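The values are calculated or read from the model by the stated rules, or taken from the named source; none is laboratory data. If you're wondering where the values come from, they're calculated on a predicted model, not measured in any experiment. Note that each Cβ is placed from the backbone with ideal geometry, even for glycine, and that neighbours are counted across all protein chains shown. Remember, those area values only see protein heavy atoms, side chains included, never the ligands or the DNA or RNA. Shrake-Rupley method; radii C 1.70, N 1.55, O 1.52, S 1.80 Å.
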Amino acid sequence: MKAVLLLGPTASGKTAVALALARRFPVEIVSVDSAQVYRGMDVGTAKPDAAARDHVAHHLIDIVDPTQAYSAGRFRDDAVRITSEIIGRGRVPILAGGTMMYFRALTRGLAALPPADAEVRARIEERAAREGWAALHAELAVVDPLTAARLEPGDSQRIQRALEVWQVSGEPLSALHARDATPAPLPFEMLSIALEPSERGVLHQRIADRFHAMIGAGLLDELQGLRERYVLNAGMPSMRTVGYRQAWETLEGTAPRSTLEERGIAATRQLAKRQLTWMRSMEGLDRYDCLRPDLEGSVARRVEDFLSLPRGT
């Protein structure tokens, strides 16, 4: 009973490695991506294309509408069930993605956090409108320095949640996370492979190239179509995802079209920075330079060893 976790920052090549593994092993892929769960959000989430999904089965993609929420707890339940089913079919589950909270939920369980409080959130948003998110980030650094250290001053969603947790519970979010619930034992052994860049500048260029391609592929048109099909607002988790948030601002006229690429690239780089920060704190990872030319072969050889298969199987 074995499964492979494949994690890394955006644009680190996770999809290419997963598909390379699928050419060598009887693989099914489980997405670990909080944006790819949404139907219709294809361009801005870099979902595997139809050819890739025809070649190898993918799971936890296109399972909820953009108006719906999908939690880390639900991910854990779904991922454990689907992974066990894949193993039961005699195949190898590859859980691949970049949503580090999902990986944490799977491997360490979830902290008992207070539920959202609409009144507290509204007060925080009112203050942010007056003082700016940078000021609230500075306040967070006083009450919860560990959480503030991993957040950018403009990361409004996470700053808001961290302050909300502090105000509702009286405890820092970092302290609650440190007391993760003990999850039920996983019914499979895991090999955890992390893809990390040896040169951050190369990753940044990949991010820029990919966001430019997303704009060319019709990111704004896709979002406009979603707005016509669903009753959406900027506060929904789906619309807060990187890329869609910046495209929403463009369609609303609150930010100029000429700055969309710049804003999207900057936000994606911040996302990659957060992902790498998460990964540095994680133990038990087999770490690979995602820029090495023999990456796919090196990872495949490690997976062969893990699965106790002869070379070339």
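Could you bin all the Cα-Cα distances of the stretch 1-88 into 10 Å bins starting at 0 and give me the percent of pairs in each, rounded to whole numbers?
Distribution as computed: 15, 50, 32, 2 percent.
Compute from the Cα atoms of the stretch 4-50 the Rg and the Dmax, the latter being the longest Cα-Cα distance, and quote both in angstrom.
Taking only Cα atoms of the stretch 4-50, I get Rg and Dmax of 11.1, 31 Å.
Using alpha carbons only, how many degrees (0 to 90, rounded to 10) separate the axis of helix 200-216 from the longest principal axis of the chain?
80
Convex hull volume of the Cα atoms in the stretch 131-182, per residue, in Å³?
On the way: hull volume 3.8 nm³, N = 52.
Dividing the Cα hull volume of the stretch 131-182 by its residue count gives 73 Å³.
Full-extension gain between L291 and R130, please, as 0.36 nm times their residue separation minus the C-alpha to C-alpha distance.
Numbers: separation 161, 0.36 × 161 = 57.96 nm, distance 4.36 nm.
Full-extension gain reported as 53.6 nm.
Taking R0 as 25 Å, what's the FRET efficiency between E261 and A57 from their Cβ-Cβ distance, rounded to 0.05?
On the way: r = 34 Å, r/R0 = 1.37.
Once rounded, the FRET efficiency stands at 0.15.
Heavy atoms only, probe 1.4 Å: what % of the accessible area of the stretch 1-106 goes to carbon and sulfur, would you let me know?
Working: 1770 of 3620 Å².
Answer for the stretch 1-106: carbon and sulfur cover 49 percent of the accessible area.
Which values of log₁₀ I(q)/I(0), to two decimal places, follow from the Debye formula for the stretch 98-164 at q = 0.20, 0.23, 0.24, 0.26 Å⁻¹ with a uniform point scatterer at every Cα?
At q = 0.20, 0.23, 0.24, 0.26 Å⁻¹ the computed log10 ratios are -0.87, -1.04, -1.08, -1.16.
Normalising by the residue count of the chain, find the relative contact order in percent from Cα pairs under 8 Å and 6+ residues apart. All intermediate terms of the calculation are to be shown ahead of the outcome.
Numbers: 431 pairs, mean separation 86.2, N = 313.
Value for the chain: 28 percent.
Can you figure out the FRET efficiency of E283 with E228, using R₀ = 41 Å and their beta-carbon distance, to the nearest 0.05? Write out the running numbers ahead of the final one.
On the way: r = 46 Å, r/R0 = 1.13.
In this case the efficiency is close to 0.35.
Roughly how much of D65 is accessible, in Å² to the nearest 10, using a 1.4 Å probe?
40
What's the longest bit of the chain with no exposed GluC sites (Glu not before Pro), using DSSP loop states and at most 16 other Cβ atoms within 10 Å as the test?
The segment 1-198 is the longest one with no such site.
Please work out how much length the chain gains when fully extended from V202 to E139, using 0.36 nm per residue of separation minus the C-alpha to C-alpha distance, in nm with one decimal.
On the way: separation 63, 0.36 × 63 = 22.68 nm, distance 3.40 nm.
Difference between extended and current length: 19.3 nm.
Please find, in a Gaussian network model of the chain (springs between Cα atoms separated by less than 10 Å), the residue of D78, D209, D294 whose mean-square fluctuation is greatest.
D294
Using 1/(1 + (r/R0)^6) with R0 = 30 angstrom and r between the beta carbons of R210 and A118, what's the FRET efficiency to the nearest 0.05?
Values: r = 36 Å, r/R0 = 1.19.
Here the calculated transfer efficiency is 0.25.
Evaluate the Kirkwood expression for the hydrodynamic radius of the chain, namely the inverse of the mean inverse distance over all pairs of different C-alpha atoms, and round to one decimal in Å.
Details: mean 1/r = 0.0485 Å⁻¹.
Result for the chain stands at 20.6 Å.
Just to confirm the number: angle between the C-alpha axis of helix 133-143 and the first principal axis of the chain, 0 to 90 degrees, nearest 10?
80
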